[in-house]
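Right, one structure below, let's go through it.
The values are calculated or read from the model by the stated rules, or taken from the named source; none is laboratory data. These numbers were taken from a predicted model, which means no experiment stands behind them. Surface accessibility is based on the protein's heavy atoms, side chains included, excluding ligands, DNA and RNA. Shrake-Rupley method; radii C 1.70, N 1.55, O 1.52, S 1.80 Å.
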Amino acid sequence: MRLIILGAPGSGKGTSAAVLREEYSLAHISTGDIFRANIKEGTPLGLEAKGYIDKGALVPDSLTVSMVEDRLSQDDCEKGYILDGFPRTIAQAQALDEMLDARGEQIDAVVLIKIEDEVIKARVFGRRVCEKCGASYNVDYKPTKVEGICDTCGGNVVQRADDNPETVQERLKTYYNNTQPLIDFYDKKGIIIEGDNNIDSKICIKEIKDGLNAKGLI
Ligand code: ADP
Ligand code: ZN
């Protein structure tokens, strides 16, 4: 099964993607996580991406697309994957179609996370992420057992540099300008399924599973 998960910044894409990865043994490909790992390691890609990410802007398509192409050619993607945070522009979606065509593959479903901006803003400032494994926590809704330490891997749990009010506002703007048009792009292909994450991630996951089930994917 090959999935894309689409939604505003802070909508809970990563949380839902982590559940789907576990339950259906998919590779979880988060472009944000890959960029952050590169920034932490100080790679040339990381250095280039950092300026854009700190501003809440998108990293240029050329860099992002070649990074994803690389990642999709790794062995663990053969069993299926979930793309989280990619594509984020129509150009990226077209590049993905070309990549998949060349491999004789296609995306089975696009999971769209529905959420209000106000809910995002309220949640994103409490968000904390594990530097090592990318696990997502929230000081209000889902705290770690030991403060600052990841429950699953023991890594440091920190606030993302871009989870501050100005950058979140900018990321939302970027989302509505660049990423929202993708909903139409995939709706035309008839492959969108929705999950509502305004109330609770359990409800969201249940709706996503119902959608996958209705498409005969699970
Ligand atoms: P969120 O969805 O909460 O904004 P991500 O971890 O997906 O968080 O992305 C963080 C940042 O990484 C984005 O604001 C953007 O700067 C960059 N980024 C991630 N994915 C892409 C992409 N597909 N194209 C361009 N930039 C990206
Ligand atoms: Zn961890």
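What the table shows:
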item	result
Largest-first principal axis extents of the Cα set of the range 1-71 (Å)	35, 25, 21
Calculated from backbone phi, Karplus (6.51, -1.76, 1.60) coupling profile of the range 76-83 in Hz, x at Gly/Pro	5, 7, 5, 7, x, 7, 10, 8
Whole-angstrom gap from the range 54-87 to the range 167-192, using each part's C-alpha centre	16
Over the chain, relative contact order from alpha-carbon pairs under 8 Å, at least 6 apart, %	28
J(HN,Hα) series, the range 150-156, from Karplus relation 6.51 cos²θ - 1.76 cosθ + 1.60, nearest Hz, glycine and proline x	5, 4, 8, 10, x, x, 6
The range 123-194, relative contact order [Cα under 8 Å, separation at least 6], %	25
Alpha-carbon Debye profile of the chain, log10 I(q)/I(0) at 0.07, 0.13, 0.18 Å⁻¹	-0.20, -0.73, -1.57
Accessible surface, per residue, of the chain when the full set of protein chains is kept, probe 1.4 Å, Å²	50
³J(HN,Hα), Karplus 6.51/-1.76/1.60, whole Hz, each residue of the range 109-115, x for Gly, Pro	7, 10, 8, 9, 8, 8, 6
